[in-house]
Structure formats: C-alpha cells, structure tokens
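The structure appears below as structure tokens.
Any read-out appearing in this document is the output of simple, stated calculations on the displayed coordinates, not a laboratory observation. For clarity, every value in this text was computed on a predicted model and none was experimentally measured. We place every Cβ from the backbone using ideal geometry, glycine too, and count neighbours over all the protein chains shown.
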Amino acid sequence: MSRLTVWDAKTKAQELSTTDGAEIAATLAKLGVRFERWPLAAIPADASAEAVLEAYKPHLDAFLGGNAGSVDVLKLTPDNPNKDALRQKFLSEHTHTEDEVRFFHAGGGNFILHVTGKIYDAHCTAGDLISVPAETQHWFDAGEAPFFTAVRIFTDTSGWVPHYTGTDLAEKFPATV
C-alpha cells in the first residue's frame, strides 16, 4: 500500500502519515512532485522488460506526450549479487538535472525527499508513478531485500546521473517500512 510520511528535518517530529492516495498526491503536488496511480497490466511481476514496456505503452505515450526521451525497465530482487552496491548508489542524497520518473509494475520502494526543512518519505508500490522534479534533493531505498520492477523515464539520453550532496540524511531518516 502506498504511504507518505512527513517529518521535520531538524526535530525529527512526524507531521503526517497517510495511505490516502488523494492526500499523498495533493501533499506531494505542493512540492512539484507528480504522484498518480496507473492500472496494473495483466502480466506477471517477473515479465520481461520488453513485455512490461509493451503493456504500459499507452500510458507511457500519454505521459511523454510525444516528447523525445528514453524508457527502460529496472528489476531488482533479493537474490541479485549486486543488490547491496545498487542500494548504496541510490541511498545517498542526490539531485538530477532532469525529473526522476518511476512507475512501479511490481514491488516497491521509498523515494525520500528533502525539501524546505522537511523529509517526505513516499513509499511507492505496484501501480504508482512518481515524478521527482529536477534539482530536488532525495534518495531511494528499496530495503535490504529489494524487490521491484520499475519503468524509468528519461528525457536526457545519458540516463540516470546523480549529483551527490554529501549529506548523511539518509542515515538519519531511514525509509519507513
């Protein structure tokens, strides 16, 4: 189930915890973050990347609106020998020069944003699309036993390029499980 938890970054006081999709979308929209639910395609969680892209093609075409970009599928499972290295790569606070857009076909993970003195932990699950605006400080955590299949949408053909901030906030605010 999707969930949004908000804390004050200094006091660590929790200010909000909700599983209401409309409240999640409205709260994140105030930050310029797009959050929406797409219907899940009738394909298995372990479908090939090609099958996932084909199943969501109408939604992806509508989302991209004819604008050029690249799309791929990232799958991560607990048995992946590189899961720990991948987790570390995503776990440190960073920004991007383009929006970071993910749609979860299966499983889930937490996009954790650091905006205006607050920490917004958006736990995304299958059917969730999240678009984090360019230059927004954030990190991603799918946990020690990650399981997700996510469609990644890029406008820049170089793909996922992080610009690390050097903070230790990810250690102070672990993902909400």
Fill in: region 101-168 shape via C-alpha gyration tensor axes, a/c threshold 1.5
oblate
Worksheet, complete the sentence: Shape descriptor, the chain: equivalent ellipsoid semi-axes (Cα gyration tensor, sqrt 5λ, whole Å, largest first) stand at 24, 18, 17
Worksheet item: Which number gives the lysine pairs in the chain that have C-alpha atoms under 14 Å apart and are eight or more places apart or on different chains?
Response: 7
Item to complete: May I ask for the net charge around Ala29, where only other residues with Cβ less than 12 Å from the Cβ of Ala29 are counted and Lys, Arg are +1 while Asp, Glu are -1?
Response: 0
Worksheet entry | For Phe147, distant residues with modelled amide H under 5 Å away | Gly108
Discussion item. Net charge around Asp84, counting only other residues with Cβ within less than 14 Å of its Cβ (Lys, Arg = +1; Asp, Glu = -1)?
Written reply: 0
Response to the item:
Taking a ≥ b ≥ c as the square roots of the Cα gyration tensor eigenvalues, with a/c under 1.5 meaning rounded and otherwise prolate when a/b beats b/c or oblate if not, region 36-125 comes out oblate
